[in-house]
Amino acid sequence: MRAEVIAIGSELTSGQKLDTNSQWLSQRLGELGVDVRFHTTLADDLGQNVDVLRIARSRAQLVIVSGGLGPTQDDLTREALATMADVPLIEDEASLSALTAFFERRNRVMPPRNRVQALLPEGATPLPNRSGTAPGIWLESVGTVFAALPGVPGEMKTMFDEQLVPRLQGTERLGPVRVHRVINLFGRGESDFEAEALDLTARGREPEVGITASDATISFRITAEAADSQAALDATEPTARLIYERFGEWIVGEGDVDVVEALIQELEMHQATLAVAESCTGGMVAQRLTDHPGVSRVFLGGVVCYANQAKIDLLGLPPAVLAEHGAVSSEVAEAIAAGARDRFGATLGLGITGVAGPDGGTPEKPVGLVYLGLATRHGVEHRRLLLGADQSRPVIRSRAAKHAMNWARVVLNSEVRGHGPAVSR
Ligand code: AMP
Ligand code: MG
């Protein structure tokens, strides 16, 4: 079933408010097997609303409208639907008593203006509103189902789940259930992965595989359809296995599991603890870890050692090492990593120092040069990253933090497979 989602409100087209209803509705409709092909956002204008509803009727079998059901002058959805369907608006008794009761429960007299909310296009069915005043509207016109929902996101969601879904299921209009399975990878660029996945991302492949990038995490999204969600999930399995076989070493996790969540999982699995020494990232690693409640089991703390003296005083960096190699150097990264591990008594110590820009780059140490240090009970190692002299400061810092966490994750993970450094303290 092909659907269109329409968001009505001048506050949306003017950019004052973001249309989040269409995003939510489209996700839910997709899960129900409805193919959303169009999103239209329009201002509070009767003539244009009618035009848009007519266009939607010509190209969709299901049209979900949100907004414009309030009691005020600019709420025109009822009228627009009636005009589109060429029927009069008539007062619905059940909706009027529900409205009256709503105000009585709140010990208020119903303002006369609210009475218009009981008006429905002739032939329409009201959708009761448990959490607000405006009933929704179910209206069929020339083979297309229109469902108008309130604009207030909370009311819209309740009405969708409680009123609309059962009705849609009752009409047997729904197609197969569609699931998206997202596999996240980190450590290489989108085009590198894509070049090795052309057979998977080819158009028309079943199940379909898409590739997206967000903050240097690359995600394969497998979309499969089946009669129920378990069968659809099963249908993703052979493709997921191919991705795991081919890209296993880069895979961080699935769904919401990105680098930081995966690192926390690895630390917990190994009962290992982490401490950080952050120069150019200024606490980003600590911040991202502590975004997760309960992380104190595995994350002990960190030092934002931005100035040289802080590296010396708080982490025991020998001044001679600093003088010889400079703050952005493998030696300093290793020394602060070891210092963090030591001072916090952690299993792992992670150090980050680099040139985040936009100034401060030299030919030998360009903007984007970052050294990571990782201290374990076996000693301390470093890594050198070149994150790009043309990248912005926020991007360089964010990538440095993510690469550092990923390195710690990989080292912990290699432990499971029986090689790599042991991590127990
Ligand atoms: P309305 O039903 O048009 O009176 O809308 C009521 C309120 O819901 C508006 O003031 C907006 O704040 C909010 N709203 C309406 N449409 C949307 C939308 N598409 N996305 C998010 N919020 C919305
Ligand atoms: Mg409005």
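The values are calculated or read from the model by the stated rules, or taken from the named source; none is laboratory data. Please read these numbers as outputs of a predicted model, since none were measured by experiment. Neighbour counts are summed over all protein chains in view; Cβ atoms, including those assigned to glycine, are modelled from backbone coordinates with ideal geometry. Please note that ligands, DNA and RNA were not included when accessible areas were found on the heavy atoms of the full protein model with its side chains. Shrake-Rupley method; radii C 1.70, N 1.55, O 1.52, S 1.80 Å.
Kindly check whether there is at least one residue in region 358-372 that is assigned to a strand (DSSP E or B) and of a type outside the set (A, V, I, L, M, F, W, C). If you could, list the steps in order and put the result at the bottom.
To start, the set of residues in region 358-372 that are assigned to a strand (DSSP E or B) comprises 369-372.
Next, from what is left, pick out any that are of a type outside the set (A, V, I, L, M, F, W, C): 371.
For region 358-372, residues assigned to a strand (DSSP E or B) and of a type outside the set (A, V, I, L, M, F, W, C): present.
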Legend entry - Qualifying positions in region 67-101 - under 13 Å from P126 (Cα atoms) and either in contact with a Cys (Cβ under 9 Å, 6 or more places away or on another chain) or β-branched (V, I, T) (or both): I90
Legend entry - Some residue of region 29-41 being open to solvent by 30 Å² or more (accessible area, probe 1.4 Å) and assigned to a loop (DSSP other than H, G, I, E, B): no
Inset, instruction - Select from region 378-396 the residues that are in contact with a Leu (Cβ under 9 Å, 6 or more places away or on another chain) and either open to solvent by 60 Å² or more (accessible area, probe 1.4 Å) or over 17 Å from G189 (Cα atoms) (or both) and list them in ascending order. - result: V380, E381, H382, R383, R384, L386, A389
Legend entry - Residue under evaluation P238, criteria (1) closer than 30 Å to R397 by Cα; (2) open to solvent by 40 Å² or more (accessible area, probe 1.4 Å), criterion not met: (1)
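Using the structure shown, decide if R203 is at pLDDT 95 or above and surrounded by fewer than 12 Cβ atoms within 10 Å (Cβ to Cβ). Please lay out each step first, then the result.
Details: at pLDDT 95 or above: no; surrounded by fewer than 12 Cβ atoms within 10 Å (Cβ to Cβ): yes.
Spelling it out, it is not the case that R203 is at pLDDT 95 or above and surrounded by fewer than 12 Cβ atoms within 10 Å (Cβ to Cβ).
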Inset, instruction - Show the residue pairs that are 6+ apart or on different chains and have beta-carbon atoms under 7 Å apart, the first residue being within region 386-398 and in a helix (DSSP H, G or I), the second being of a type in the set (S, T, N, Q). - result: R397/T281
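Where residues in region 317-346 are open to solvent by 10 Å² or more (accessible area, probe 1.4 Å) and not in a helix (DSSP H, G or I), which of them is nearest to V410 (Cα to Cα)?
The residue in question is G345.
Those residues that are in a helix (DSSP H, G or I) and among the charged types (D, E, K, R), I need them from region 1-28; list them, please. Spell out how you get there, then give the answer.
Filtering region 1-28 down to residues in a helix (DSSP H, G or I) leaves 10-13, 20-28.
Scanning region 1-28 gives E11, R28.
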Inset, instruction - Within region 208-215, identify whether any single residue is under 30 Å from A404 (Cα atoms), hydroxyl-bearing (S, T, Y) and open to solvent by 30 Å² or more (accessible area, probe 1.4 Å), and answer yes or no. - result: yes
Inset, instruction - Select, from L12, L18, the only residue that is within 12 Å of ligand 1 (Cβ to nearest atom) and exposed (fewer than 14 other Cβ atoms within 10 Å of the Cβ). - result: L18
Inset, instruction - Search region 50-90 for residues being away from ligand 2 (no atom under 16 Å from the Cβ) and of a type in the set (K, R), and hand back the single one that is most open to solvent (accessible area, probe 1.4 Å). - result: R54
Inset, instruction - Being more than 8 Å from ligand 1 (Cβ to nearest atom) and farther than 16 Å from V5 by Cβ is the filter here, so list the residues in region 144-154 that pass it. - result: G154
